[in-house]
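The values are calculated or read from the model by the stated rules, or taken from the named source; none is laboratory data. All values derive from a computational prediction rather than experimental measurement. When we count neighbours, we look across all protein chains shown, and the Cβ atoms used for this are built from the backbone with ideal geometry, even at glycine. Just the protein is used for accessible areas: all its heavy atoms, side chains included, with ligands, DNA and RNA removed. Shrake-Rupley method; radii C 1.70, N 1.55, O 1.52, S 1.80 Å.
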Amino acid sequence: MNAKRWFAWVCLALMLVAEFFLFRANHERDAARTDLRDAQTQLHAAQAELEELKNSSAGRQASEISGLRKQNEVLTGKVSALQKNLESVQANSQKTEQSLSKARTALELQQANLQQLQTEQQQARVAANANACINNLRLLDAAKQQWALDKNKAAEAVPTSQELLPYLKDGIFPVCPEGGVYSLNAVGEIPACSVQGHVLPQQ
């Protein structure tokens with residue numbers, strides 16, 4: 001049971017760590033997309049300015065065209081690097097999401113196993129308590145019959161718990177494990193418990 005709970009906590013911790021990495025990956029992805037859009041905007045502006053210079057009169061200085069070409073090359077390289085970075089971030093984000101999904105599945109399975117185990121333990125406890133109570137009822141019935149035999153009592157006679165103590169082990173009146181109340185009833189009747197299902201079989 002402790003090992004199962006420990007495994008559940010480990011799965012939960014792994015899921016939280018995966019959530020953190022997924023959040024960070026998504027943040028990096030959004031930042032990369034923003035940088036890519038800015039770079040693309042600058043690139044488009046530079047390309048437009050370059051085209052404008054190409055189409056302008058021959059009096060424009062060749063140095064401006066050369067500078068814009070260099071700027072265009074730099075921005076093109078930057079855009080390419082940002083695209084690669086974005087692809088890498090998206091790939092990492094996808095891996096993180098897969099790991100998180102596996103952790104969630106493992107945690108759900110562990111929780112289902114724990115719930116099933118708790119249900120089985122509860123059922124076993126109820127059955128064990130019922131058997132213990134039925135054994136108490138047998139002892140009470142045997143004590144009642146012995147009391148009637150010793151005291152020459154009729155089938156309609158109803159003993160008290162104090163009268164049966166000498167016929168019970170160590171003089172102790174048994175107690176229902178589920179907190180039920182015992183009814184001794186008449187000698188000709190079987191004793192009963194107030195808890196449902198705690199019934200002495202008729203012989």
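Brief remarks follow.
- Residue count for segment 185-203, restricted to those that are assigned to a loop (DSSP other than H, G, I, E, B) and open to solvent by 20 Å² or more (accessible area, probe 1.4 Å): 12
- Filtered residues of segment 81-135 (kept if open to solvent by less than 40 Å² (accessible area, probe 1.4 Å) and touching a Leu at 6+ places or on another chain (Cβ under 7 Å)): L82, L86, S93, T96, L100, A103, L107, I134
- Residue match in segment 161-173 (condition: open to solvent by less than 50 Å² (accessible area, probe 1.4 Å), hydrophobic (A, V, I, L, M, F, W, C) and in a helix (DSSP H, G or I)): yes
- Close pairs from segment 106-124: first within 20 Å of L16 (Cα to Cα), partner open to solvent by 60 Å² or more (accessible area, probe 1.4 Å), Cβ under 7 Å, at least 6 apart: Q110/K4; Q110/F7
- Residue that is farthest from C193 (Cα to Cα), among those in segment 119-167 that are of a type in the set (D, E, K, R) and in contact with a Phe, Trp or Tyr (Cβ under 9 Å, 6 or more places away or on another chain): D150
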